[in-house]
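See structure below.
The values are calculated or read from the model by the stated rules, or taken from the named source; none is laboratory data. Just so we're clear, the structure is a prediction, and the values are computed from it rather than from any experiment. Positions of Cβ are generated from backbone atoms using ideal geometry, with glycine treated the same way; all protein chains shown enter the neighbour counts.
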Amino acid sequence: MSLTFLFRALTRDVAKVGRFQQVQSVHTGLQLLAVEKALLMKLRKITGYTFINCKQALEKFDNDVAQAETWLHQQAQKEGWSKANKLEGRRAKEGLIGLFVGDGAAVMVEVNCETDFVARNEKFQQLVKDVMVATLAHHQNKTQSKDGYVKSVLAGDELTRLSVREGASLADQVALTIGRLGENMSVTRAVTVGVPAEWHIGSYVHGGVSGQTEVTMGRYGALVVFQGGKEEEQETLGRKLGQHIVGEAPLSLGNMDDLPCGESETRLLAQTFLTDPSRTVAQFLRGKQARVLDFVRFQCGETVREAAE
């Protein structure tokens, strides 16, 4: 075999090996890209953070999703606290009223943000749910041994100290959500009520944004505590009373014998009933053999002073 022929043969073999290695390298690279893309999509779905942040986290922890997720939450919380300090003076009058009625207890909360756009975001709505859960747990722990009617009102500072998942405070959860959504937010207020077995809790939310039946959210909300009424009509009765309270904004309960004083009437029982203008609320209740014992109305963005007037 001549040296020339041997050289050409070796050259062909080297070229074949080179092409094979190149194809193998491209194939392996495509596999790696597919895996990284799948992890990236998974991490983004879990956390909701941007592709850039998720990519950075995966690179930092060699595609370990669990470590990347933990790091992203930590970074978002730090960023959230920083943003919260910077955005503290910005007006947050939008947001949601969240309401939940359970077995003998109910909770209503107000959480604010800057825009209606963010109020419709699932992450903001999850914050509202977190506030509701923390408030209800606090109410139950505080009133375990108490019988009868129990009502508890909490303001923002008291609420943010409550604990949520894994011992984190609501303040931490607010910071995390600010870090994700980039708007000023505040946990404004909450009320919880607990009633004895023979009492009932009615509720109504206006301007609802959530299709879930167990938790309702909207711009306005009302809780009403009442007695009486036919058992099969109690749910409807509670909803009608709550609807009236949202629509007519009474400021006090009044007495069953009170006479209306005109269009500016602010006593619930003396007001003209919203769904039957021929009767007052008191007259409507007499017809149902029921009576209202207490009520609470929240309007998103109102100040505490406005709510009390």
- Query: Which of the residues spanning segment 127-151 are more than 13 Å from Val191 (Cα to Cα) and surrounded by 14 or more Cβ atoms within 10 Å (Cβ to Cβ)?
  - Reply: Leu127, Val128, Lys129, Asp130, Thr143
- In segment 152-193, the residues that are buried (at least 23 other Cβ atoms within 10 Å of the Cβ) and over 23 Å from Ala119 (Cα atoms): Val193
- Unique residue being aliphatic (A, V, I, L, M), touching a residue at least 60 places away in the same chain (Cβ under 8 Å), in contact with a helix residue (DSSP H, G or I) (Cβ under 7 Å, 6 or more places away or on another chain) and surrounded by 14 or more Cβ atoms within 10 Å (Cβ to Cβ) when the list is Ala290, Ala282: Ala290
- Message: Looking only at segment 110-148, how many residues end up being out of contact with any Lys or Arg (no Cβ under 7 Å at 6 or more places or on another chain) and part of a strand (DSSP E or B)?
- Response: 2
- Message: Can you find a residue that is without any contact (Cβ under 8 Å) to a residue 24 or more places away in the chain and surrounded by fewer than 20 Cβ atoms within 10 Å (Cβ to Cβ) anywhere in segment 236-253?
- Response: yes
- Which one is modelled with the lowest pLDDT, of the residues in segment 84-112 that are under 15 Å from Glu302 (Cβ atoms) and not aliphatic (A, V, I, L, M)? Arg91
- Task: Starting from segment 91-106, keep only residues that are among the β-branched types (Val, Ile, Thr), then list their pairs with residues that are not in a strand (DSSP E or B) whose Cβ atoms are within a distance under 8 Å, requiring at least 6 positions of separation or different chains.
- Result: Ile97/Arg219; Ile97/Cys300
- Task: Residues being touching a strand residue (DSSP E or B) at 6+ places or on another chain (Cβ under 7 Å) and under 26 Å from Leu293 (Cα atoms): count how many of those fall in segment 160-197.
- Result: 8
- Those residues of segment 164-196 which are modelled with pLDDT of 85 or more and among the polar types (S, T, N, Q), in sequence order: Gln173, Thr177, Asn184, Ser186, Thr188, Thr192
- Message: Here are the criteria: (1) under 12 Å from the mean Cα position of the chain (by Cα); (2) part of a strand (DSSP E or B); (3) over 17 Å from Val205 (Cα atoms). Tell me which single one Lys151 does not satisfy.
- Response: (1)
- In segment 91-150, the residues that are of a type in the set (Ser, Thr, Tyr) and in contact with a Leu (Cβ under 8 Å, 6 or more places away or on another chain): Thr135, Tyr149
- Can you name the residue in segment 154-190 that is without any contact (Cβ under 8 Å) to a residue 60 or more places away in the chain and assigned to a strand (DSSP E or B) and, of all such residues, is farthest from the chain's Cα centre (by Cα)? Leu154
- Message: When you scan segment 232-248, do you find a residue that is among the hydroxyl-bearing types (Ser, Thr, Tyr) and in contact with a strand residue (DSSP E or B) (Cβ under 7 Å, 6 or more places away or on another chain), even just one?
- Response: no
